[in-house]
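The structure appears right after this line, and notes come after that.
What follows is calculated from the coordinates using simple rules that are stated; it is not laboratory data. These figures come from a predicted structure and were not determined experimentally.
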Amino acid sequence: MTDTLAHAGLDAEVLRRDFLVLMAGALGAVGAASALWPFVASLNPAADTIAAGAPIDVDLSPLQPGQQITVLWRGRPVVIRRRTGEELASLQAPQDIARLADPASLAAQQPDYAKNWHRSANPEYLVMVAICTHLGCLPGFEAAGSAAVAVDNWPGGYFCRCHGSKYDLAGRVFKSVPAPYNLPVPPYHFVGDATLRVGENPPDSRFDFSDIVQI
Ligand code: FES
C-alpha cells in the first residue's frame, strides 16, 4: 500500500475545493463526527488517536439525499454519500455498467458486505476511501452531465483530474482510464438508525483493510 495524503501530492487548494473534512472527536473508545454538516469542523485533541486507527462514529442524520460528507479515518478521506433513487438506478443501468472495468467488484477492494451492485452495506449510503487507485490523487464528485468530465451521458460520479480516471457513484472505475481498480471500501457498520461507525466491521465479518489490493 502507498501512504495516503503524502502520496496524493495535492495542495491545500484542491483539498478545500473537493472535500468537507470532518475531523472526528472522541467519545470513549471511539470518535464521533456529529451533526456538523455542512460545516467544516475543527481539530480536536483526539485527532492523534483517530489517526492511529480508532474507529469513528459519524452522525448521518443531517445528510440529505444527494449530499455527502468526508471524514478522515487513518489519515485517509472517507466519502459518505447519501445516494438518491436516481443515483442508485444509474448503478444498475446496462449502458452505464458497460463502461466499467470491474462492475462486479471482483478485485479485492472491499469487504464481502460491500461486494454487491451498490458496493455498500446499505444501498442508500456509499462509504469509500476517495483516493485514486492510479497514483493516489483525490477524485472529486461531479454531478450528472458535468462538462468537466469529457464523457457523453456522464451519470455522475467521481473524477480524478490528475490523469482523468473516472469512477461511478459506487466507486467503480471506468474502462480505459489510468486507474486499475475500484475505489477501496473501508470496514464499517451501522450502530444506530443514523450512526455509522467507520473502521470497524459488523460482528460477523473479519475483513482486514490491509488486504485491499490497491490504495
Ligand atoms: Fe488519479 Fe492518476 S492519480 S488518474
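Amide H contacts for W73 (H built 1.01 Å from N in the peptide plane; partners 5 or more residues away or on another chain; cut-off under 5 Å): V78. Taking θ as phi - 60° and the Karplus parameters 6.51, -1.76 and 1.60, the scalar couplings of region 103-116 work out to x, 8, 6, 6, 5, 6, 10, 7, x, 4, 6, 10, 8, 7 Hz in sequence order, x denoting glycine and proline.
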